[in-house]
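*Asks:* Here it is: the structure, laid out below.
Where a number appears in this text, it was derived from the coordinates with a stated rule and is not lab data. Note that this is a predicted model, so its numbers are computed, not measured. No Cβ is skipped: glycine too gets one built from the backbone with ideal geometry, and neighbour counts run over all protein chains shown.
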Amino acid sequence: MRITSDYLVLGSGVSGLTYALEASKHGSVIVVTKRAIAESNTNYAQGGVAAVMDPDDSFEDHAADTLRVGYGLSKPDIVQLVVEGGPSAIQELVERGASFDPSEEDDGLDLTREGGHNKRRVVHAGDITGREIQRVLVEAVRQTPNITVYEDHMAVDLIELSKYGGPHQVAGAYVLEEAKGEVHTFVSRVTVLATGGAGKVYLYTSNPDVATGDGVAMAYRAGALIANMEFFQFHPTCLYHPKAKSFLISEALRGEGGILRLANGDAFMARHHEMKDLAPRDVVARTIDYEMKRTGADCVYLDMTHEDADFLAKRFPNIHAQCLEYGIDMTKEPIPVVPAAHYMCGGVVVDSNGKTKIEGLYAIGEVTCSGLHGANRLASNSLLEGLVYAKRTAAATRNLGQGRFADVPEWDSGSAAASDEAVVVTQNWDEIRRFMWNYVGIVRSDRRLRRAARRVALLKDEIREYYWEHLVTRDLLELRNIADVAEMIIACASTRHESRGLHYTIDYPEPREDYAKDTLIVHGEPPHLSGR
Ligand code: SIN
């Protein structure tokens, strides 16, 4: 089946839905999303949106914190435009009906603090900020006639015309309708990747199951320029409990006075950084990893017991309730926590209007490398980036939704047959996630990276063979995507012979001035370091 729209959006988190709402003013919009519309990384964001909302704060201060945490790789002009977009982005969400926590002192919003911020500037809705933002955006999308949402549909690949003798241009995507097992041809004039991150490439992650790097992998296969994939952020505190899968313990707990401790009560962060428990996230995650390895412990503890019990239950209702379900009363006992893969700071290179290096292809949010995060992301800057870039990208593409649709071939399954050995997918899936955690995780080395590179090359061969011989399924597509993401992370990490931000290697433990550059990678070529 061939389905056309002026604008095709892949992904339904904050970036995709905000873009869709804006673009719908200028033409027809299709949103394609792998599962239900609300199932996105955004929906699970707890902390909030960083924005300058207090007279004692300033754009300069927010920009300075972002740049410092980015370790020399954030682009100052991009940082400036994103932080300046903060207050109006919050205002628009409020106008859409988002209910953020009010301040107790004045008629403004309550602002919390997170790691790396020198001011309280994080707007939040209790500890379920992402869910509240997702709620108002989904409601608005449902009421917009120009937007059609295809749930339980997953993009297989971008339609890149040079593969069919045309220009290097994207004209839509081939999309799997999971229920029928059919692949449809979605043709558009503008295609926007808003597919989020790739936490599932690691064994332990705070991300939901949908975070399999689909957008960055498709862009890579289509020949887009990708950057800085070695900078994968590990959140310091995910709940450590045998029954808890991917449950984040927000950094806002440390913003409200939480203290990280070893089992013997030692408040170890004071020994490692002058900002103690509110040090930048890379420092805290690495320190926990170090302390766990040094002491042989399975986890460390986040202690909130010195705080007022009523305040904790009111300020963190979701975390408080979830912990209770696992038998942990955070008002009386410390919460066991471990680091887990959380955020992809690298991605598809875009300009300040979300334009990639391929004609017709735009990208917004976690799937991108815009220049905001550099070598590490400041907490709560990601929802902000999605909001600001969605509006900028919609403005930049407002006149591009007209003209004729490109001639594109329909999807051809060839002689592919239904799989009779799904175990190949689960086996390779487990293998990738485990070696990525062990060899390409918080602490790396040349030797570990070489081991990982050998394994991913082998697995990619197997996956390629399996892909061409069998009808596509969502599991197979996700496996193919995480294998591509793993390849990019390993290749970029192997190119950076220094430690900077989120990339730490025992072979080159210090930053190097000549490496204060982006790692650029294009499919089929080795990565190289370059200014942009
Ligand atoms: C958190 O609530 O700790 C996550 C915030 C973020 O990742 O920006």
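*Asks:* Gap in Å between the Cα centre of region 514-532 and the Cα centre of region 260-284?
*Replies:* 33 Å
*Asks:* To the nearest µm²/s, what D does Stokes-Einstein give for region 258-396 at 4 °C and 1.567 mPa s, using the Kirkwood radius over alpha carbon pairs as Rh?
*Replies:* For these conditions, the coefficient is 74 µm²/s.
*Asks:* OK, next. For q = 0.11, 0.13, 0.21, 0.23 Å⁻¹, what log10 I(q)/I(0) does region 172-240 give under the Debye formula with an equal point scatterer on each alpha carbon and no solvent?
*Replies:* -0.38, -0.52, -1.04, -1.15
*Asks:* Then there's this: With +1 assigned to the C-beta of every Lys and Arg and -1 to the C-beta of every Asp and Glu, and no other charges, what is the dipole magnitude of the chain about the Cα centre in debye, to the nearest 20?
*Replies:* Its charge dipole is roughly 1140 debye.
*Asks:* Another question, then. Please give the length that would be gained between E151 and E95 if that part of the chain were fully extended, namely 0.36 nm times their separation in residues minus their C-alpha to C-alpha distance (nm, one decimal). Intermediate results must be reported in sequence, preceding the final value.
*Replies:* Details: separation 56, 0.36 × 56 = 20.16 nm, distance 2.65 nm.
Stretched out fully, the E151 to E95 stretch lengthens by 17.5 nm.
*Asks:* Ratio of the chain's C-alpha Rg to 2.2 N^0.38 Å, to two decimals?
*Replies:* The chain yields a ratio of 0.92.
*Asks:* Among the trypsin sites (Lys or Arg not before Pro) within region 1-83, which fall in a DSSP loop and have no more than 16 other Cβ atoms within 10 Å of their own Cβ?
*Replies:* Passing sites in region 1-83 are K25.
*Asks:* Per residue of region 32-45, in order, report the coupling 6.51 cos²θ - 1.76 cosθ + 1.60 (Karplus, θ = phi - 60°) as ³J(HN,Hα) in whole Hz, putting x for Gly and Pro.
*Replies:* 10, 9, 5, 10, 5, 4, 7, 7, 9, 4, 3, 4, 9, 5
*Asks:* Restricting things to Cα coordinates, could you compute the convex hull volume per residue of region 352-418 in Å³? Could you put the intermediate results ahead of the total?
*Replies:* Working: hull volume 11.3 nm³, N = 67.
That works out to 168 Å³ per residue.
*Asks:* Got a sec? How would Y467, Y174 order by Cβ neighbour count within 10 Å, fewest to most?
*Replies:* Y467, Y174
*Asks:* Compute the acute angle (0 to 90°) between the alpha-carbon long axis of helix 382-396 and the principal axis of greatest extent of the alpha-carbon atoms of the chain; round to the nearest 10°.
*Replies:* Once rounded, one gets 30 degrees.
*Asks:* Continuing with this model, one more query. Can you give me the convex hull volume of the Cα atoms of region 390-487, divided per residue and expressed in Å³?
*Replies:* That works out to 160 Å³ per residue.
*Asks:* Towards the positive end of the charge dipole of the chain, with charges on Cβ (+1 Lys, Arg; -1 Asp, Glu), say which of H117, I249, T195 has the farthest Cα.
*Replies:* T195
*Asks:* How about region 28-109: which GluC sites (Glu not before Pro) there are in a DSSP loop, with at most 11 other Cβ atoms within 10 Å of their Cβ?
*Replies:* Filter output for region 28-109: E104, E105.
*Asks:* Please sort by residue number the trypsin sites (Lys or Arg not before Pro) in region 164-258 whose DSSP state is loop and whose Cβ has at most 13 other Cβ atoms within 10 Å. Working shown, then result.
*Replies:* On the way: sites: K180, R189, K200, R221, K243, K245, R254; in loops: K180, K243, K245.
In loop regions of region 164-258 (DSSP not H, G, I, E or B), the sparsely surrounded trypsin sites (Lys or Arg not before Pro) are K180, K243, K245.
*Asks:* Quick one: 3J(HN,Hα) in Hz for region 360-372, Karplus 6.51/-1.76/1.60 with θ = phi - 60°, rounded, Gly and Pro as x.
*Replies:* Result, rounded to whole Hz: x, 10, 10, 8, 9, x, 4, 5, 9, 10, 8, x, 6.
*Asks:* For L8, L67, what's the fewest-to-most ordering of other Cβ within 10 Å of each Cβ?
*Replies:* The fewest-first ordering by Cβ neighbours comes to L67, L8.
*Asks:* Sticking with this one: If I take every Cα pair under 8 Å that is 6 or more residues apart in region 74-225, average their sequence separation and divide by the length, what percent do I get for the relative contact order?
*Replies:* It rounds to 12 percent for region 74-225.
*Asks:* Taking every DSSP beta bridge with both residues inside the chain, roughly what % is antiparallel (nearest 5)?
*Replies:* Percentage antiparallel, nearest 5: 60.
*Asks:* Using Cα pairs under 8 angstrom and six or more residues apart, how large is the relative contact order of region 427-532, in percent?
*Replies:* After rounding, I find 26 percent.
*Asks:* Another one. Given region 469-513, what whole percent of its Cα pairs are spread farther than 18 Å?
*Replies:* 47 percent
*Asks:* I would also like to ask the following. Show me 11-18, 319-326, 346-353 ranked by packing, highest mean number of other Cβ atoms within 10 Å first.
*Replies:* In decreasing order of mean packing, 11-18, 319-326, 346-353 become 11-18, 346-353, 319-326.
*Asks:* With no solvent and one equal point scatterer per Cα, compute the Debye intensity ratio I(q)/I(0) for region 50-134 at 0.12, 0.23 Å⁻¹ and report its log10, rounded to two decimals.
*Replies:* Result of the Debye calculation: -0.36, -1.18.
*Asks:* Can you find, among C345, G414, P511, the residue sitting farthest towards the positive end of the charge dipole of the chain, where Lys and Arg contribute +1 and Asp and Glu -1 at Cβ?
*Replies:* Farthest towards the positive end: G414.
*Asks:* Taking the beta-carbon count within 10 Å as an exposure proxy, list R447, R474, R121 from fewest neighbours to most.
*Replies:* The order, fewest Cβ neighbours first, is R447, R474, R121.
*Asks:* OK, next. Please give the peptides 266-273, 398-405, 40-47 ranked by average Cβ packing (other Cβ atoms within 10 Å per residue), highest first, as a rough proxy for protection.
*Replies:* For the peptides 266-273, 398-405, 40-47, the packing ranking is 40-47, 266-273, 398-405.
*Asks:* Where a ≥ b ≥ c are the square roots of the eigenvalues of the C-alpha gyration tensor, would you call region 441-532 rounded, which needs a/c under 1.5, or, failing that, prolate if a/b is larger than b/c, or oblate? It would help to have the intermediate numbers written out before the result.
*Replies:* Numbers: a/c = 2.82, a/b = 2.07, b/c = 1.37.
Prolate, since a/c reaches 1.5 and a/b exceeds b/c.
*Asks:* With just the Cα atoms defining each centre, how far is region 336-379 from region 26-88? Give it in Å.
*Replies:* Cα centroid of region 336-379 versus Cα centroid of region 26-88: 11 Å apart.
*Asks:* Then there is this: Please list 332-340, 293-301, 486-494 highest first by mean number of surrounding beta-carbon atoms within 10 Å per residue.
*Replies:* Most protected by this proxy first, the peptides run 486-494, 332-340, 293-301.
*Asks:* ³J(HN,Hα) across region 465-478 via Karplus (A = 6.51, B = -1.76, C = 1.60, θ = phi - 60°), whole Hz, x for Gly/Pro?
*Replies:* 4, 4, 4, 6, 8, 10, 5, 6, 10, 4, 4, 5, 5, 5
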